[in-house]
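The values are calculated or read from the model by the stated rules, or taken from the named source; none is laboratory data. Nothing here was measured: the structure is a model prediction, and the numbers come from that model. In this analysis, Cβ positions are derived from the backbone assuming ideal geometry, glycine residues included, and neighbour counts consider all displayed protein chains.
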Amino acid sequence: MRRVNIDTVPPGAKLARTVFSSDGGVLLMQGVELRESYLELLKNRGITEIYLDDDLSAGIEVHDVINENTRNEAVTLVKRIMTGYSFSDAIDVEKVKLMVSKIVDELLANDDILYNLTEIKTVDDYTFEHSVNVCILSLITGIGLGFDTTQLRELGIGAILHDIGKLCIPREILKKPCQLTVEEFEEIKRHTVLGYELLKNSGQLYMVSSYIALGHHERYDGSGYPLRLKNKEIQLYARIVAVADVYDALTSDRVYRKRLKPHEVYEYITSLGFHHFDPQVVDSFVKFVTVYPVGSGVLLNTRERAIVVKHNRKMPTRPVVRIVYDENMKRRSKEIDLSQDKSIFVVDAWEV
Ligand SMILES: [Fe+2]
């Protein structure tokens, strides 16, 4: 299977992964033949990419790090909390704890954790899917850092609720499609303190989890907010969620900007933005995240076009690829391991 831009899907192509709506319902089942009306339905839901099965990608498998149903349950739960909550209600802490435990258990049972950016993102429900992705990415990083189950649960709960304070920020500011005024940005910054207060006052959460809401926008060099803490003054869990939050935000389309390509975000986190993050946390994070997701298209320095077949843990920028078109766009089918053949390398992502 391969991941493609929805505008390039040939008529009659077969859907390789089920597409879900933000409330967990099935929009289109895996295996269905994609008619024009189905594609329109997906586009109307803000879906821009899907997975296809075709002869170019035969035999290429793409796996999510957790079960599809667990992911959907988690998104639905976050949505319920973040749309149903009012100050007089209590957050259903028990449900959140159970959900996070389930995600932790699934991740710990997975002996080959690889975050492959498999989910199909929609624009309108960004916050809910984002919360779940940040939770998963943070937990993966925590596993890499050798956390025990208790630490993982504390981390996961704070991570999935890290943006809960946005409940208290006016929607028109959160969804504003253009640049914010200074005052509006100051208002958005308050979601950290407000989130911390909400979680702290819920009374049934680990205090350390509440600090994640407060500290996830602090930056390692002291350039963050709300307290401009730096280095180890920032709680470790918040330093982890900061990386996960930025990674998922930059790989997602937002109302005010298009997403970056996964390898550009990887580059940002490991080089340009490096001073924002704890280097030890970044080291653990990148061990489990693909630079070029399996099933995605890449352009090689030879001008050949290929699909990523397998991630190389030791050399993440040099995956195993299947060349599907030569430099003249003539059909080819040849697999090469870029960690073995050093004269060939990836120069960019290729929108298949
Ligand atoms: Fe945030």
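For Arg318, work out the one condition from (1) free of Cβ contacts under 8 Å to residues at least 40 places away in the same chain; (2) surrounded by 17 or more Cβ atoms within 10 Å (Cβ to Cβ); (3) in the same structural domain as Ile140 (by TED's automatic domain parsing) it doesn't fulfil. Among (1) free of Cβ contacts under 8 Å to residues at least 40 places away in the same chain; (2) surrounded by 17 or more Cβ atoms within 10 Å (Cβ to Cβ); (3) in the same structural domain as Ile140 (by TED's automatic domain parsing), the lone unmet condition for Arg318 is (3). Across the stretch 130-166, the number of residues qualifying as touching a residue at least 12 places away in the same chain (Cβ under 8 Å) and either in contact with an Asp or Glu (Cβ under 7 Å, 6 or more places away or on another chain) or assigned to a loop (DSSP other than H, G, I, E, B) (or both) comes to 9. Where helices (runs of 4 or more DSSP H) sit wholly within the stretch 186-252, those with at least 3 residues that are touching a residue at least 40 places away in the same chain (Cβ under 8 Å) and either within 13 Å of the ligand (Cβ to nearest atom) or in contact with a Lys or Arg (Cβ under 7 Å, 6 or more places away or on another chain) (or both) occupy 207-215, 236-250. Is it fair to say Arg2 is under 16 Å from Asn72 (Cα atoms), crowded, with 16+ Cβ neighbours inside 10 Å and not polar (S, T, N, Q)? So Arg2 does not fit the description; no. Is there a residue being surrounded by 15 or more Cβ atoms within 10 Å (Cβ to Cβ), among the charged types (D, E, K, R) and closer than 27 Å to Phe185 by Cβ anywhere in the stretch 275-290? Scanning the stretch 275-290 turns up at least one residue that is surrounded by 15 or more Cβ atoms within 10 Å (Cβ to Cβ), among the charged types (D, E, K, R) and closer than 27 Å to Phe185 by Cβ. The helices (runs of 4 or more DSSP H) falling completely within the stretch 12-117 that include 1 or more residues that are among the aliphatic types (A, V, I, L, M) and within 29 Å of Glu351 (Cβ to Cβ) map to 36-44, 68-84.
Only one residue in Asp148, Asp163 is within 13 Å of the ligand (Cβ to nearest atom), farther than 30 Å from Glu61 by Cβ, of a type in the set (Asp, Glu) and in the same structural domain as Asp248 (by TED's automatic domain parsing), so which one is that? Steps first, please.
On the way: Asp148 fails: within 13 Å of the ligand (Cβ to nearest atom).
Going through Asp148, Asp163 in turn, just one is within 13 Å of the ligand (Cβ to nearest atom), farther than 30 Å from Glu61 by Cβ, of a type in the set (Asp, Glu) and in the same structural domain as Asp248 (by TED's automatic domain parsing): Asp163.
Of everything listed in (1) crowded, with 22+ Cβ neighbours inside 10 Å; (2) in a loop (DSSP other than H, G, I, E, B); (3) of a type outside the set (Asp, Glu), the single unmet condition for Arg303 is (1).
Checking the structure you have, find out if any residue of the stretch 313-325 is among the aromatic types (Phe, Trp, Tyr), outside any strand (DSSP E or B) and within 18 Å of Glu351 (Cβ to Cβ).
Here is the first cut: in the stretch 313-325, the ones among the aromatic types (Phe, Trp, Tyr) are 325.
From what is left, the residues that are outside any strand (DSSP E or B) are none.
Scanning the stretch 313-325 turns up no residue that is among the aromatic types (Phe, Trp, Tyr), outside any strand (DSSP E or B) and within 18 Å of Glu351 (Cβ to Cβ).
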